[in-house]
Amino acid sequence: MAWFVPPSSVGYFTKTALTDSRGQSATISNIIARRRGRRHFLAKESSEHDNNNISTSSTTTPPLSSFISEPFRLWIEDTDAYGVKFNANYIRSYERALYQFAHKHRQLNNWDSSSQQGGVLIQYPDFYLTKVTNHKFRISPGLGEEFVITGERIEERGLDGTSGSTEDDESTETETWSLEMLNYTEEDSSSEKVKTSPLKYNNAVVTIAAPKKIDASSKTFIESFIHDDDMDDPSLTILDSQYFALHRDEFDLHMPGIVPIRTALTLFERSRSTFIGGPDALRRMQEDDNLLWVVTSVDDMAVNTSPGINADILPGTCVRVDSVFELKRKGMIIECKQQIVTGSVKDSEVVISQGIVTLCAIDSVKKRPTKIPEHVRDTLMRNSK
């Protein structure tokens with residue numbers, strides 16, 4: 001269930017020519033030249049952002065308010081069964097971009113860790129994501145393609161919910177960032193390179209926090225949003241629960257006991273795929289019905305950061321993923337309300353992560369949204385628990 005991209009969007013080799021990501025025939029040298037030009041442009045853009053954020057004083061580090069990352073590339077390990085970027089890996093790319101640019105910003109400004117200046121992103125290299133909203137999937141980068149991430153800080157708040165200052169305020173313990181994943185292309189204009197409008201792959205609004213600032217006053221317990229009375233039409237609602245064990249590599253080293261958002265999204269995906277019938281069922285749908293499932297958005301994604309559960313969630317802990325699937329728009333859209341629950345805290349269930357994932361059924365031939373075939377819908381309803 002990942003974002004599908006038409007094969008023509010991915011560069012490939014043929015016997016007669018090399019075709020680039022825009023579907024244009026080109027020589028290897030031309031493609032290399034374009035990529036070098038794009039990297040030069042991005043480096044210049046990034047440098048301008050660095051200069052805007054560099055302090056003239058060696059003792060003051062200003063908050064980082066915007067950035068353009070250095071180019072990233074889509075590697076094979078980032079992709080899914082459809083050969084495009086796996087939905088949870090967009091969050092990983094956003095985290096990498098935030099960390100990479102904050103690290104560079106600290107170096108350029110001679111940052112002093114004892115100064116308590118610069119905002120959450122600058123002060124705490126061990127920051128982590130607590131929330132993701134407005135996460136929209138438009139199109140995936142092609143395998144091997146480069147992309148950049150832009151960021152704009154839109155809010156700072158204390159853990160008690162009060163607004164924080166944009167200056168050096170120790171009570172400012174979370175930051176909210178608007179992030180976009182883009183591809184800047186260039187076209188030849190006479191002998192000079194000119195910038196064209198960027199292609200937007202993805203966007204999200206994320207909230208980051210510092211683990212060592214999480215305390216009993218954080219009030220971050222998550223109340224389950226899966227209720228029977230929330231169902232618009234019970235006849236179009238499917239219930240499911242799956243159990244999975246957490247592994248050591250699914251945690252972050254600097255936040256033990258907290259399930260990262262990207263891990264939660266992976267568990268959500270694993271639960272959805274298992275419910276449908278696993279890889280074999282997905283393959284049959286693609287081959288027999290030309291049906292692909294795509295993630296179009298993620299909203300209200302959050303993790304439980306309350307200290308009462310940190311010591312109980314360890315590698316090997318078994319968690320339950322609850323899902324409510326609601327068919328909408330004549331079965332073309334499926335809204336998935338999903339949560340991860342553990343019963344290891346004082347023998348009572350605790351929601352440790354939750355989110356709303358929206359899926360769309362795509363006709364793999366027409367490359368357009370399509371209604372779910374009746375036999376597929378019947379299978380989903382039979383699998384409901």
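All of the numbers you see were taken from the coordinates with simple rules; none came from a lab. Remember, predicted model here, so these are calculated numbers, not experimental data. Cβ coordinates were reconstructed from backbone atoms using ideal geometry, including for glycine residues, and neighbour counts include every protein chain displayed.
Numbers for the structure displayed
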{"quantity": "Packing rank of 264-276, 243-255, where each peptide gets the mean count of other beta carbons within 10 Å, highest leading", "calculated": "264-276, 243-255"}
{"quantity": "Amide H contacts of T79 (H built 1.01 Å from N, under 5 Å, at least 5 apart or other chain)", "calculated": "F86"}
